[in-house]
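Just so you know, all these numbers are worked out from the coordinates, no wet-lab data involved. Note that this is a predicted model, so its numbers are computed, not measured. Glycine also receives a Cβ, built like all others from the backbone with ideal geometry; neighbour counts cover every protein chain displayed.
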Amino acid sequence: MLTVRNLHARVSGRDILRGIDLSIMFGEVHAIMGPNGSGKSTLARVLAGHPEYEVTEGEVLFEGEDLLGMDPETRARVGVFMAFQYPVEIPGVNNAYFLKAALNTVRKHRGLEELDAMDFMTLIRERMKQLDMDESFLNRPVNEGFSGGEKKRNEIFQMAVLEPKLGILDETDSGLDIDALRIVADGVNAMRSAERSFLVVTHYQRLLNYIVPDVVHVLTDGRIVRSGGKELALELEDKGYSWLEEPVGKR
Amino acid sequence: MNLDLYRTEYTKARARRPKGEPPALAERRDEALSRFLELGFPTTRHEEWRFTSVAPIADQPFAPAPPLVGDVCPVDVTPFRFHGVCAAELVFVDGHYVPSLSTRAALLGGARAGSLAAAIAGHAPEIDPFLARVAAFERAPFVALNTALFADGAYVHVPAHTVLEHPVHLLFVSTGGGAAHGSPLLMSHPRVLAVLGDNSQASIVETYAGPDGMRYFTNPVTEIVLGQNAVVVHYKLQRESSEAYHVGTMSVRASRSANCASHSVSAGGALVRNDVVAVLAGEGGECALNGLYLADRQRLVDNHTTIDHATAHCGSREIYKGILADRARGVFNGKIIVRPDAQKTDAKQTNRALLLSEDAQVNSKPELEIFANDVKCTHGAAVGQLDEDAVFYLRSRGLGLAEARHMLIHAFLGDVLQRMPLAPVREGIERVVARQLARALDAAA
């Protein structure tokens, strides 16, 4: 589904990604772990098309298509979704209005009929229940005045509504208490299927107890220095990142 | 500066005045002319005009616009009307009342809405105590000029205990004088007097409009007098030609427990100045000044507001928001005066501007003059660009760039628009705003 080849990217004149190779098959969950500043979040944002990041080398194919050539909205429409590490507050734009506009744009692109207000509400209520969200939330402005946990839950909620093919979670677990973490993980697990893949960026192994990955990659200094099964995450939890600082395949 | 022109025009205008004009008013007009000639047009050396040069008005000759010949209006006024919403819709072309274009269907309870010149000629009792006595001209050259030169305008009277459920629409259309080449530019000085008796209520909408591309000068002055416990909702929709000069003043005086809400929307004009002056003259008065302005290209919109808390226990709320594109400039100056007797004043002012280009600019200044000690006065100002992180956030959910920008801009304006209580009027205003925004956004893209 997703193929990343020799991806280099920079932000504000600083090279962050220095040659990422990564391949995600349909239905797989990949975790990206690594110390602060290793480039985990940069990878997520580059895949989502954040305009501040400049790709200097390499390519990314999403279902065989050139992802890097698409603007952010096209990526969303073809089925890439990033749950933000720091979701943006948007005063004056109400959640329901925003989400309906987004969903119908995405549906239109995928050749589905646009939902009317009634069908939209039915869908929304179902998804809200899944994520244990209060209905008053719909009439509140996007993320404004939300607690950290509410914001993260809102990201997963949006993902559940937009039903992407690839969900990228950028440190969605940071700052969550255990209850919120479970809700978020349940939300993601409910979406797992043979047609949908996830890239889970996290600093802590804890999340991976709840969202069990197929593959774990360790990112240091802009490169993937080790990949393995879910037991790699446990090893990292045990030993920290320092034992990996000198990459195995270092040139 | 060619002030002689205005002296000459004044002499001609005086000769044209109907015989019925009361001597006291004629004296006020003489005073106003003298004052205007003393003051002259302001320059940017005047603090009140620091960011707004009126040189284009001062340096060009203008001629007073004549009345229509045979009631045939060269401009289609239909797009400027509020269809089926209003109790009365008075149409003025180049400052002259045109009965054949106006409707005065359903004014209840002895309320009146009609030509000001007719009311003056008919010695309406509210003229003498209020006309040219609410809007002070001693330090306001454009108010002085209007007072001297106004030919007509609107007179609205709502008797005590009368509630007008539907708004009165005063539509001032400028023609720009047609396409006659080489003829002087036209000016008009429309005047509005609205007097609301005790416990009365009314909504008044003023529209200023003109055909795009025409250059002319509109200098309106509105005076509103509120009796005790009276309620007025006032809208000013300025949608002049993109080449027009518009310098307007609205002055309101509120008696005890009266409530005034003013919604000012500036969407047109090349050089625009709106002054709003609200005097809370009786205890328990409330006033809300809301404003919204949009400008693109090289246009300038200047909003000066003054809220004068002259007595105790009054409240005021003010929120102005602007959107500026291209090389447009905005000015906001919000003065709040709290007089020594005005204890327990509760005043709040907010103004925000959104700049859609690097070259757009806004000068914003709160001016608080507080002479009482037990008051609550706050103000906040913010100027910024569209939040790029928010744009990306919306795009990352599938919304197109244009749609994302639009959503954020509407959200920015939303709280000002939502404060407008009359849905049909608000929707009409929203359409004008949306059109103007689309143009500004096209230019910015």
Fill in: Length-normalised contact order for chain B - Cα pairs under 8 Å, 6+ apart - percent
10 percent
Discussion item. On a straight-distance basis, which lysines could pair with B:Lys348 in a cross-link, Cα separation under 24 angstrom, same-chain partners fewer than 8 positions away excluded?
Written reply: B:Lys236, B:Lys321, B:Lys335, B:Lys365, B:Lys376
Worksheet item: To the nearest 500 deg cm²/dmol, what mean residue ellipticity at 222 nm is calculated for chain A from DSSP H runs of n ≥ 4 alone, each contributing -39,500 (n - 2.57), summed and divided by the residues?
Response: -10500 deg cm²/dmol
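With a cut-off of 8 Å between alpha carbons and a minimum separation of six or more residues, what is the relative contact order of the stretch B:1-129 in percent? Don't skip to the answer; put the middle values down first.
Working: 87 pairs, mean separation 32.0, N = 129.
In percent, rounded to a whole number, it is 25.
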Worksheet item: If R0 is 51 Å, what FRET efficiency do you get for B:Ala24 and B:Lys365 from their C-beta distance, rounded to 0.05?
Response: 0.85
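Give the calculated FRET efficiency between B:Asp442 and A:Tyr97 to the nearest 0.05, with a Förster radius of 22 Å applied to their Cβ-Cβ distance. Don't skip to the answer; put the middle values down first.
Working: r = 24 Å, r/R0 = 1.08.
Efficiency for this residue pair is about 0.40.
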Worksheet item: Could you put B:Ser364, B:Ser357 in order, starting from the residue whose Cβ has the fewest other Cβ atoms within 10 Å?
Response: B:Ser357, B:Ser364
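Could you line up B:Thr218, A:Thr105 from fewest to most neighbouring Cβ atoms inside 10 Å? Don't skip to the answer; put the middle values down first.
Numbers: B:Thr218 28, A:Thr105 20.
With the fewest neighbours first, B:Thr218, A:Thr105 line up as A:Thr105, B:Thr218.
By how many nm would the segment from B:Leu68 to B:Gln418 lengthen if fully extended, with 0.36 nm per residue of separation less the alpha-carbon distance? Provide the component values of the computation, followed by the final result.
Values: separation 350, 0.36 × 350 = 126.00 nm, distance 3.80 nm.
Additional length available on full extension: 122.2 nm.
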Item to complete: For the stretch B:4-282, build the convex hull from the C-alpha positions and give me its volume per residue in Å³.
Response: 123 Å³
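Count the DSSP beta bridges whose two residues both fall in the stretch B:4-282, then state the antiparallel fraction as a percent rounded to the nearest 5. Could the numbers behind the result be given before it?
Details: 7 of 73 bridges.
Rounded to the nearest five, the antiparallel share is 10 percent.
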Discussion item. How large is the translational diffusion coefficient of the protein assembly as shown in µm² per second when you combine the Kirkwood radius over alpha carbon pairs with Stokes-Einstein at 20 °C and 1.002 mPa s?
Written reply: 75 µm²/s
Worksheet item: When the dipole is taken about the Cα centre of the stretch A:69-203, and only Lys, Arg (+1) and Asp, Glu (-1) are charged at their Cβ, what size is it in debye, to the nearest 20?
Response: 380 debye
Practice prompt. State the volume of the convex hull built on the alpha-carbon positions of the stretch B:349-445, expressed per residue in Å³ and rounded to an integer.
Written response: 148 Å³
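For chain A, what does the relative contact order come out to in percent, with C-alpha contacts under 8 Å and a separation of six or more?
Details: 459 pairs, mean separation 69.7, N = 251.
Across chain A, relative contact order equals 28 percent.
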Fill in: Percent antiparallel among DSSP beta bridges (both partners in the protein assembly as shown, rounded to 5)
20 percent
Item to complete: Rounded to the nearest 0.05, what FRET efficiency do A:Asp66 and A:Asn139 give with R0 = 30 Å and r taken as the Cβ-Cβ distance? Could you check?
Response: 0.15
Worksheet item: So how do B:Cys86, B:Cys73 line up by other beta-carbon neighbours within 10 Å, fewest first?
Response: B:Cys73, B:Cys86
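Stokes-Einstein diffusion coefficient for the stretch B:56-146 at 20 °C in a medium of 1.002 mPa s, Rh from the Kirkwood formula over Cα pairs: what value in µm²/s?
The diffusion coefficient I find is 133 µm²/s.
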Practice prompt. Select from B:Ala87, B:Ala15, B:Ala63 the residue whose mean-square fluctuation is largest in a Gaussian network model of chain B (Cα-Cα springs shorter than 10 Å).
Written response: B:Ala15
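Place a +1 charge on the Cβ of each Lys and Arg in chain A and a -1 charge on the Cβ of each Asp and Glu, then give the dipole magnitude about the Cα centre in debye, rounded to the nearest 20.
Charge dipole, chain A, about its Cα centre: 220 debye, nearest 20.
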Discussion item. Students often forget the sequence filter, so: which lysines lie under 24 Å Cα-Cα from A:Lys40 once same-chain residues fewer than 8 apart are removed?
Written reply: A:Lys151, A:Lys152, A:Lys165, A:Lys230, A:Lys239, A:Lys250
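Would you calculate, for chain B, the mean residue ellipticity at 222 nm contributed by helices, counting each DSSP H stretch of 4 or more residues as -39,500 (n - 2.57) and dividing by all residues, to the nearest 500? Spell out each step's value before the answer.
Values: 9 runs with 101 residues, N = 445.
After summing the helix terms and dividing by residue count, I get -7000 deg cm²/dmol.
Please average, across the residues of A:71-77, the number of beta carbons from any other chain that are within 10 Å of each residue's own beta carbon, and give a whole number.
On the way: counts 3, 12, 11, 3, 3, 6, 4.
Counting Cβ atoms of other protein chains within 10 Å of each residue's Cβ and averaging gives 6.
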